[in-house]
Amino acid sequence: MDDCIFCKIIKKEIPGTIRHEDEHCLAFDDIHPKSRIHILLVPKKHIATIADLEEGDELVIGHLVKIAKELAKKFECKGYQLVFNVGKEAGQIVFHVHLHLLGN
Ligand code: 5GP
Ligand code: ZN
């Protein structure tokens, strides 16, 4: 998606503090952190919201959770929240699926 900010970070067209990258996903710091650790995990495939998942996309969503768990351990989070905001009424402002890792 040409006008998607997270696709631009994935393509390295705009900078981000990258914490993890593999074939399927990218993880980078949220620009406005809401806790000590605030990392966004995004599939490399552009999917607008969780509500738009198609058959097979659940694999990458499971992968995001696995990587989030590993990053929480790496950054020594005592506890953490994993959050998907789905839809503008729930506060979603970037329409490329992302998992918030909020750790303390
Ligand atoms: P949402 O409310 O859509 O679930 O969360 C979007 C998140 O993306 C927000 O926490 C916001 O701070 C973050 N964000 C928005 N634009 C950028 C950006 O250009 N770079 C980074 N690293 N984070 C961004
Ligand atoms: Zn995108």
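Bear in mind these aren't lab numbers, they're just calculated from the coordinates by the rules spelled out. Note that the structure is a prediction, hence the values are computed from the model and not measured. Cβ atoms come from the backbone with ideal geometry, glycine included; neighbour counts cover every protein chain shown.
Relative to the dominant Cα principal axis of the chain, helix 58-74 is inclined by about 20°.
Subtracting the Cα-Cα distance of L82 and H32 from their residue separation scaled by 0.36 nm leaves 16.4 nm. Pairwise Cα distances in the chain exceed 24 Å in 16 percent of cases. Can you list, by residue number, the Cys in the chain that have no neighbouring cysteine C-beta under 4.7 Å? Those would be C25, C77, since no other cysteine Cβ in the chain comes under 4.7 Å of theirs. The count of lysine pairs in the range 5-97 with alpha-carbon distances below 13 Å, taking only pairs 8 or more places apart or on different chains, stands at 7.
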